[in-house]
Amino acid sequence: KAGVTQTPRYLIKTRGQQVTLSCSPISGHRSVSWYQQTPGQGLQFLFEYFSETQRNKGNFPGRFSGRQFSNSRSEMNVSTLELGDSALYLCASSSGGQAGTGELFFGEGSRLTVL
Amino acid sequence: DQQVKQNSPSLSVQEGRISILNCDYTNSMFDYFLWYKKYPAEGPTFLISISSIKDKNEDGRFTVFLNKSAKHLSLHIVPSQPGDSAVYFCAASVRAAGNKLTFGGGTRVLVKP
């Protein structure tokens, strides 16, 4: 069974640009979550999508957005990049229904560097 | 406001001995708690979980204890093995709200052979 796949794995952008990250969940998983990991702030929740609907949202500015497609694949977008957006962005998928299981399967992450 | 805290950033233990990792939380709405393990250059991997209706859950060498009145949970690894060397994160959620996890800052565990 293939795991969670994130692309691209590494990318470098400059301030003011925008970036789109992609995530393919484990087959059959309808929940996809995104997390930002930085040395100073640790793992912080961005948002969760379940059956194409945003179910939860973290405390990030509106520059951070996401979506989920009918095949459960998800993308997140960050516009007007700032230096502080440099981080590892982790996608995770989960099985289960309306109630969360909390048992997330993480991808290896997309390492974003903003110069 | 850090709702989930791991006050020990690192822990060193001898192979074969017990590793005890601690985690405190402040939000009484949390009803599900989990531990994840993370190796360098990999995403976190789910380890073990516990519901707020229980005070202990065991899975092989890993046991999680929950003290709701103290808002404290701990992970025991017995016996510790060199392959357990990793960063461990505790996390908490409100299950009815989906899979929004609040993570602690992590504890780096080093198991010495």
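Taken together, the values in this text are just the output of simple stated rules run on the coordinates, not laboratory data. These numbers were taken from a predicted model, which means no experiment stands behind them. As a convention, Cβ positions derive from the backbone with ideal geometry for all residues, glycine included, and neighbour counts pool all protein chains shown.
Return the Rg/Rh value of chain A, two decimal places, where both radii are evaluated on C-alpha atoms and Rh is the Kirkwood radius.
0.95
Out of all DSSP beta bridges in chain A, what portion is antiparallel? Express it as a percent rounded to 5.
Around 90 percent antiparallel, to the nearest 5.
P(r) tail for segment B:26-89, what percent of Cα pairs lie past 16 Å?
48 percent
Cross-link candidates for B:LYS112: which aspartates and glutamates have Cα within less than 12 Å, leaving aside residues fewer than 8 places away along the same chain?
Within the straight-line cut-off, B:LYS112 pairs with B:GLU15, B:ASP84.
In peptide B:91-98, what is the residue-averaged number of other protein chain Cβ atoms found within 10 Å of each Cβ?
6
About the Cα centre of segment B:15-100, what is the dipole size in debye to 20, counting +1 per Lys and Arg Cβ and -1 per Asp and Glu Cβ, all else neutral?
200 debye
Describe numerically, in nm with one decimal, the distance between label points set 7 Å from Cα along Cα→Cβ at A:ASN71 and at B:ASN27.
With each label placed 7 Å out from Cα toward Cβ, I get 3.3 nm.
Mean-square fluctuation check for chain B, GNM, Cα pairs under 10 Å: which of B:ASP84, B:ASP24, B:ASP59 is largest?
Maximum fluctuation in the GNM of chain B, among the listed residues, is at B:ASP59.
Stokes-Einstein at 10 °C, 1.306 mPa s, Kirkwood radius from Cα pairs: D for chain B in µm² s⁻¹?
Diffusion coefficient, whole number: 113 µm²/s.
With r defined as the distance between the Cβ atoms of A:SER86 and B:ALA96 and R0 fixed at 45 Å, what FRET efficiency is calculated, to the nearest 0.05?
0.85
Bin width 10 Å, alpha-carbon pairs only: give the P(r) of the protein assembly as shown as whole percents, running from 0 to the bin holding the largest distance.
For the protein assembly as shown, the pair-distance distribution reads 8, 33, 35, 19, 4, 0.
Taking 7 Å along the Cα-to-C-beta vector as the label spot, tell me the A:LYS57-B:ILE53 distance in nanometres, rounded to one decimal.
Simple spin-label model gives 3.3 nm for this pair.
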